[in-house]
Amino acid sequence: MTIKLEKVVPWGRNLNEYISMFDLTSAEKNLTILDGPAAQSSFNYEMTLQGYHVISCDPIYQFTADEIYQRIQAVYQSIIEQAKVNYDRFLWHNFQSPANLGEVRMAAMEKFLQDFPNGVEQKRYLTAELPNLPFENRKFD
Ligand SMILES: C[S@@+](CC[C@H](N)C(=O)[O-])C[C@H]1O[C@@H](n2cnc3c(N)ncnc32)[C@H](O)[C@@H]1O
């Protein structure tokens, strides 16, 4: 794996954002889903809680939850500052402000960090890097 943690800008969306982003239907949530690169999304955690089946992959999963947390802390404020500086270049339909965006993203990342050690043991979070993923053909729906 070639990824360097100091080059990664951690960010993570939640289940509702995934549903909107991919137009996921209730029926599709029942399928076996591969999320990649999943980064610090809480999609796997929230779906698993509801009894669904998601495997997440990302090269950043070679690091520990604490290392990923430290990296989030290192860059979080500057991401929010960038959102403020570039305020007019974003559509603010889903978030009230850069601060609100940060709160929603941080809540998702905190869920991910809480779930990550268990999820690694359960093989729901796999260290894997495109273009070669360690899955047989058609393993996912
Ligand atoms: C924008 S984030 C993904 C966000 C996530 N899907 C979400 O919506 O919350 C990008 C991720 O791509 C990962 N990445 C970088 N190079 C990659 C590669 N060659 N294969 C797979 N993932 C890679 C990074 O580690 C990073 O976590």
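Between Val120 and Leu5, the distance separating the two model label sites (each 7 Å from Cα on the Cα→Cβ line) works out to 1.0 nm. Among Asp58, Asp66, Asp88, whose mean-square fluctuation peaks in a Gaussian network model of the chain (Cα, cutoff 10 Å)? In this elastic network of the chain, the residue with the biggest mean-square fluctuation among Asp58, Asp66, Asp88 is Asp88. Going from the residue with the fewest nearby Cβ atoms within 10 Å to the one with the most, Val85, Val104 rank Val85, Val104.
For the chain, what log10 I(q)/I(0) values come out of the Debye formula at q = 0.11, 0.12 1/Å, with one point per alpha carbon and no solvent? These q points yield log10 I(q)/I(0) values of -0.43, -0.51. Within the range 63-141, the trypsin sites (Lys or Arg not before Pro) that combine a DSSP coil assignment with at most 16 other C-beta atoms in a 10 angstrom radius are Lys123, Arg138, Lys139. Alpha-carbon geometry of the range 1-77: the Rg and the Dmax are 13.6, 39 Å, given in that order. Fewest neighbouring Cβ atoms within 10 Å first, the residues Thr2, Thr48 line up as Thr2, Thr48. So which helices of the chain fit the span-like rule, where a helix is a whole DSSP H run, its Cα atoms reach 15 Å or more along the axis, and its mean Kyte-Doolittle is at least -1.0? Helices meeting the span and hydropathy rule in the chain are 65-85, 98-121.
None of the figures in this text is laboratory data; all of them are computed from the coordinates on show. Here the structure is a predicted model, which is why all the values come from computation and not from measurement. Neighbour counts are summed over all protein chains in view; Cβ atoms, including those assigned to glycine, are modelled from backbone coordinates with ideal geometry.
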